[in-house]
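Presented below is the structure to which this report refers.
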Amino acid sequence: MANLVAVLAGITVLLAVVIYYQRGANLLELLGRVYASVLHVQLIVDFFVLVFGVILTVWPKGGAVALAAFREGVRQPMYWLIGLTAVIVFLVAVVLPYFTFGDDYKMMKQICFDVTMLAALVFGVLAASISIHEEIEGRTAVTLMSKPVTRRQFLIGKYLGIFLASLSLTLFIGWFMNWVLLVQPTLNPMDDAVDPLVAQSQGALIPWAVRLATPDSFLLIKGATLWLGDSIANGLGTLLGFGKVMVLVALASALATRMPLITNLLICVFVFALGHLAPVLRRVSTELRNQNPDNTALSLVNFLTQTLETLTPALEFFDMGPAIIRDTPIEFSAFAQYVGSAAVYGVVYTIIALLFGLILFEDRDLA
């Protein structure tokens, strides 16, 4: 303990000396970003501590199942392997040339958001498919039911724990993505690296930093404010993509009550593909039917595509790509409202999937 205190004291003194001799330099702004990034990590950890504290208080039995599922997910090597793979992809994406004539930054940013979503999606679907099905088939669920824990508490608690583990993976990968997006323009200064959403977020926060800062501390507070602006803008995009994770993890949890891993994965991949293709197929079939209104076959195809679009979640609503590659900048407030509406859409489909899972699990023989 004494050694730890000594190390922390030494780091504090070193930072104080650096700040004293570098007043007015760009280093202060960088130190502000570093401080804000460390605080960012601490707030992520505090968030999950607070969430589980509230869940265990309000819903003790289900919360205990959720906490156990969360710990099981975070301790799995798969969790860390997927996270490390995402980080490696980010590092490769920074130095990889895309030959887009000035839009390399946009291409890299879209890759980063897609990788962040896919990492959490792969982990969440695998964890739900393995954990829930193995506990049911291994008769561990019977022990839980004798506590007594109801089937509803078991399934929803399992989903909630895996959902929060996937969210933690998304948030930590998103933290690293902030640094990657900050470093890339320095490695490729010829690229157009202006992000309208980030610029609007930072522009709204800088006046508050000016009011709070003194002349000596302005650059330090400015650096922290810039990191906050990055985190808010990029965080909205990350949470938008996380809507896919929320829906498909709920589907995987529901199917895991009846189906083994391989079957569950195949159905989730099928739904993932249909969720992106169904709206496109419906639009194409509608155009063809309008061009040939007397064609009965096209009317039937249009009816089938509309049915598929209704039954499957429209996962294209959670894509960040259109907001990145568009030529005209999008208003930050409009984008925030869209993320909120997409989140409501995802919650509705999540509830439907979990209700379907409860129906499947209700008459499942556990003995």
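Structure notes:
- Linear extension gain, Val58 paired with Arg71, 0.36 nm per residue minus alpha-carbon span: 2.7 nm
- For Ala353, net neighbour charge (Lys/Arg +1, Asp/Glu -1) across residues whose Cβ lies under 14 Å away: +3
- Lysine pairs in the chain whose alpha-carbon atoms fall under 28 angstrom of each other, counting only those eight or more residues apart or on distinct chains, come to 9.
- Ignoring the sites themselves, the chain has its longest run without chymotrypsin sites (Phe, Trp or Tyr not before Pro) in a DSSP loop having at most 14 other Cβ atoms within 10 Å at 102-367.
- Dividing the radius of gyration of the alpha carbons in the chain by their Kirkwood radius gives 1.03 for Rg/Rh.
- Annotation: extensible slack from Asp365 through Thr296 equals 20.2 nm (criterion: 0.36 nm per residue apart, minus Cα-Cα distance).
- Exposed trypsin sites (Lys or Arg not before Pro) absent: longest stretch of the chain, with sites in DSSP loops and at most 12 other Cβ within 10 Å deemed exposed: 140-325
Just so you know, all these numbers are worked out from the coordinates, no wet-lab data involved. Everything quoted here is computed from the prediction, not taken from an experiment. As a convention, Cβ positions derive from the backbone with ideal geometry for all residues, glycine included, and neighbour counts pool all protein chains shown.
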